[in-house]
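The values are calculated or read from the model by the stated rules, or taken from the named source; none is laboratory data. Computed from a prediction, not measured in an experiment: that's the story for all the values here. Note that each Cβ is placed from the backbone with ideal geometry, even for glycine, and that neighbours are counted across all protein chains shown. Accessible surface is based on the protein model in full, side chains and every heavy atom, while ligands, DNA and RNA are left aside. Shrake-Rupley method; radii C 1.70, N 1.55, O 1.52, S 1.80 Å.
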Amino acid sequence: MSDEKRVESLKRRYGRKASPVRRGPMGGPGGPGGPGRRAASAVKGKPKNSKATIRRLLSYLNEDKGKMFLAFFCVLLNTIASLAGSYMLRPIINTYIAPVDGSRGDVAGLAKGLVVLGIIYGVSVVANYAQAKVMLTVAQNALLKIRTDLFDKMQELPVRFYDTNNNGDLMSRYTNDVDTVGQMLSNTLVQLFSGALSIIGTLALMIYTNIYLTLVTVILIPLMMKAGGAVARRSQKYFSAQQASLGAVNGYVEETVTGQKVVKVFCHEDIAKEEFGILNRDLRDNQIRAQFFGGIMGPVMGSLNQINYSLTACVGGLLCIFKNFDVGGLTVFLNFSRQFSRPVNEISMQISNVFSALAGAERVFAVMDEKPEPEDDKDAVVLNPMEGHVVLDHVTFGYNPDKTILKDISLYAKPGQKIAFVGSTGAGKTTITNLLNRFYDIDSGSITVDGVDIRHIRRDNLRGNIAMVLQDTHLFTGTVRENIRYGRLDATDEEVVQAAKTASAHSFIMRLPKGYDTMLEGDGANLSQGQRQLLNIARAAVSKAPVLILDEATSSVDTRTEKHIEHGMDRLMANRTTFVIAHRLSTVRNANAIMVLENGQIMERGTHDELVAMKGRYYELYTGLKELD
């Protein structure tokens, strides 16, 4: 595969995943042509609608209109003071330094003029300081709202979104993309407004000073604008590519750092270096192009400015000789000539920041515009209390329309029963639990809890009555007590301790430096994998949910610990409807019913003894005649 194709392949994988190759956090894979691939196309190329993006960004400034008015008033005051100070050189020179009537200069008058000039420039400095401070506050308030909206929206997105998007790329939108927007709001907007005022004001004073010299300057304006526009168009494309490449690099780094143990175990370091090098070089190339076309604006405009200055000086000198044009007027006009070019240059230079910010803003808004989970039905009910009578009736489901995962699944579970799922990897075991929580909605059939279709139960009520222990553990930064209490925030300290004892976690917790108040960081990096899983089990134990889902809950603990857990789990599962997914068949022997899934269908069902007596697929798995795939 050529380097160019590998770059595109890696960017698709680590920018925003098009087709995940493993289960997501809840076991639900995406797939080719799924939502990940559609989202990936949304962030490539140049901004699709710059005007709409700008309007949307400006909407975040609405609450600070008063401060914005103050900031722009300060910009106006600064601009007027700067122009007035520049024009004052003409009367100072013509009156006190080189009087037009040929008299001697006036030192006292010069001193007074310089004092006035100093006061004017002092006003300019104060106004400039004030607008910078006010605008920084406005920009940070806007960023606060953007980050809040982005985070709030991500809490509303379905599990499918996280199964089909790369964590590193999402984090890049919180940091790099939002930062570029902040830079534009705090600096670029003001500079664009200031530059526009300076151009208008300077041009007016230039016309007032000398119309002929003004024509010399104005003639070069179309050339300067055309040159700036050509560079800006190229910048827009490359800054969008730069942001996409940056997101891909962040995604790759995040995944590689997180999976560093796996990288080392399988001696994947060289390949990881090679792939990172490919993405890194692609980012470098896009950054070089973007920064080059962004930075070349200054030299191009500077060269045109020098040409303009030289022509103005030549023509102005001739006017002084042949048209009695005053020296003060020529001095002022030459200063105006430079001042006129400076805001043009600044505006041109800021164009690259604008395009970079727009590209980042579109990536942020692309997440905000993702479809959230559908709202609950207007007639959605709250089951209080929920007993836990669960029925799946002819359920069919696929993560993608072109591939069916579950085919005509029917089963029931009564309160207090333990239902186990066994079968090959990818048979659809975890998918069933995802459907019970409505992380995904079924394609056909029905799932009912206590006789009510789960599509007519409020999601928060449904999920609040289902406790889960996932195969992939996750602990939050906080104390052990807080992590267990995550299962039910109003649980007392006594209930937390009892839940830990139920999960056989109390003994190892008491051996920690501060017991239940020991701080956990980095997803519980200071604990073993088995200890992290025990805390997850304790988290489920503290919940009063009538339905319990155990997805390989004991896969990360040793056999001895598993035996201790089983007694606690029996107490935990008492009077709860429990669904267990397990590869260790010894853990499901006491289940009320065991479902053997293969290719999305229930091949066999029954108790352990019944299935062994049938001498079918379960018998082969249990006796070891045929291992799980």
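Just a yes or no: is a residue in the stretch 284-296 in a helix (DSSP H, G or I), over 30 Å from SER245 (Cα atoms) and of a type outside the set (A, V, I, L, M, F, W, C)?
To start, the set of residues in the stretch 284-296 that are in a helix (DSSP H, G or I) comprises 284-295.
Filter once more, keeping what is over 30 Å from SER245 (Cα atoms): none.
There is no residue in the stretch 284-296 that is in a helix (DSSP H, G or I), over 30 Å from SER245 (Cα atoms) and of a type outside the set (A, V, I, L, M, F, W, C).
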**OP:** Return the only residue of THR425, THR396, THR404 being hydroxyl-bearing (Ser, Thr, Tyr) and either free of Cβ contacts under 8 Å to residues at least 60 places away in the same chain or under 14 Å from ASP450 (Cα atoms) (or both).
**Re:** THR396
Subject >> Filter result for MET386 (surrounded by fewer than 23 Cβ atoms within 10 Å (Cβ to Cβ), at pLDDT 85 or above and touching a helix residue (DSSP H, G or I) at 6+ places or on another chain (Cβ under 9 Å)) >> reply: yes
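Scan the stretch 242-259 residue by residue and report those that are of a type in the set (A, V, I, L, M, F, W, C) and without any contact (Cβ under 8 Å) to a residue 60 or more places away in the chain.
Narrowing the stretch 242-259 to residues of a type in the set (A, V, I, L, M, F, W, C): 244, 246, 248-249, 253, 257.
Residue satisfying the conditions is VAL257 alone.
Of all residues in the stretch 50-93, which are over 23 Å from THR202 (Cα atoms), open to solvent by less than 40 Å² (accessible area, probe 1.4 Å) and in a helix (DSSP H, G or I)?
Hits for the stretch 50-93 are SER50, ALA52, THR53, LEU57, ASP64, MET68.
In this structure, does ILE307 turn out to be under 30 Å from ILE93 (Cβ atoms), among the β-branched types (Val, Ile, Thr) and in contact (Cβ under 8 Å) with a residue 40 or more places away in the chain? Don't jump to the end; show me each part of the working.
Numbers: under 30 Å from ILE93 (Cβ atoms): yes; among the β-branched types (Val, Ile, Thr): yes; in contact (Cβ under 8 Å) with a residue 40 or more places away in the chain: yes.
When the stated conditions are applied, ILE307 passes them.
Conditions (1) within 28 Å of the chain's Cα centre (by Cα); (2) not in a loop (DSSP other than H, G, I, E, B), marked per residue:
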| residue | (1), (2) |
| --- | --- |
| ASN165 | yes, no |
| SER172 | yes, yes |
| THR180 | yes, yes |
| LEU185 | yes, yes |
| LEU205 | no, yes |
| TYR238 | yes, yes |
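If you go through the stretch 450-467, how many residues are under 16 Å from ASP379 (Cα atoms) and either in contact (Cβ under 8 Å) with a residue 12 or more places away in the chain or touching a helix residue (DSSP H, G or I) at 6+ places or on another chain (Cβ under 7 Å) (or both)? Even if it seems obvious, please write down each step before you answer.
Our first condition is that a residue be under 16 Å from ASP379 (Cα atoms); within the stretch 450-467, this holds for 451-462.
Keeping just the survivors that are either in contact (Cβ under 8 Å) with a residue 12 or more places away in the chain or touching a helix residue (DSSP H, G or I) at 6+ places or on another chain (Cβ under 7 Å) (or both) gives 451-452, 454-459, 461-462.
Qualifying residue count for the region: 10.
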Original post:
Does VAL249 qualify as being open to solvent by less than 100 Å² (accessible area, probe 1.4 Å) and out of contact with any His (no Cβ under 9 Å at 6 or more places or on another chain)?
Top reply: yes
**OP:** Specify which of the listed residues (ALA244, ALA142) is closer than 20 Å to VAL364 by Cα and open to solvent by less than 10 Å² (accessible area, probe 1.4 Å).
**Re:** ALA142
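Before we move on, is ASP169 open to solvent by less than 30 Å² (accessible area, probe 1.4 Å) and closer than 27 Å to LEU279 by Cα?
On the way: open to solvent by less than 30 Å² (accessible area, probe 1.4 Å): yes; closer than 27 Å to LEU279 by Cα: yes.
Yes; evaluated as a whole, the condition is true for this residue.
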**OP:** Take TYR399 and decide whether it is open to solvent by 10 Å² or more (accessible area, probe 1.4 Å) and closer than 27 Å to GLY616 by Cα.
**Re:** no
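Within the stretch 94-110, can one find any residue that is more than 37 Å from the chain's Cα centre (by Cα), under 19 Å from TYR208 (Cβ atoms), open to solvent by 60 Å² or more (accessible area, probe 1.4 Å) and among the β-branched types (Val, Ile, Thr)? Before you say what the answer is, go through the steps one by one.
Step one: filter the stretch 94-110 for residues more than 37 Å from the chain's Cα centre (by Cα), giving 94-110.
Subset that is under 19 Å from TYR208 (Cβ atoms): 94-95, 100.
With open to solvent by 60 Å² or more (accessible area, probe 1.4 Å) added as a condition, the list becomes 95, 100.
Next cut, among the β-branched types (Val, Ile, Thr) only: 95, 100.
Yes, the stretch 94-110 contains a residue that is more than 37 Å from the chain's Cα centre (by Cα), under 19 Å from TYR208 (Cβ atoms), open to solvent by 60 Å² or more (accessible area, probe 1.4 Å) and among the β-branched types (Val, Ile, Thr).
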Original post:
Before we move on, is LEU213 surrounded by fewer than 21 Cβ atoms within 10 Å (Cβ to Cβ) and assigned to a helix (DSSP H, G or I)?
Top reply: no
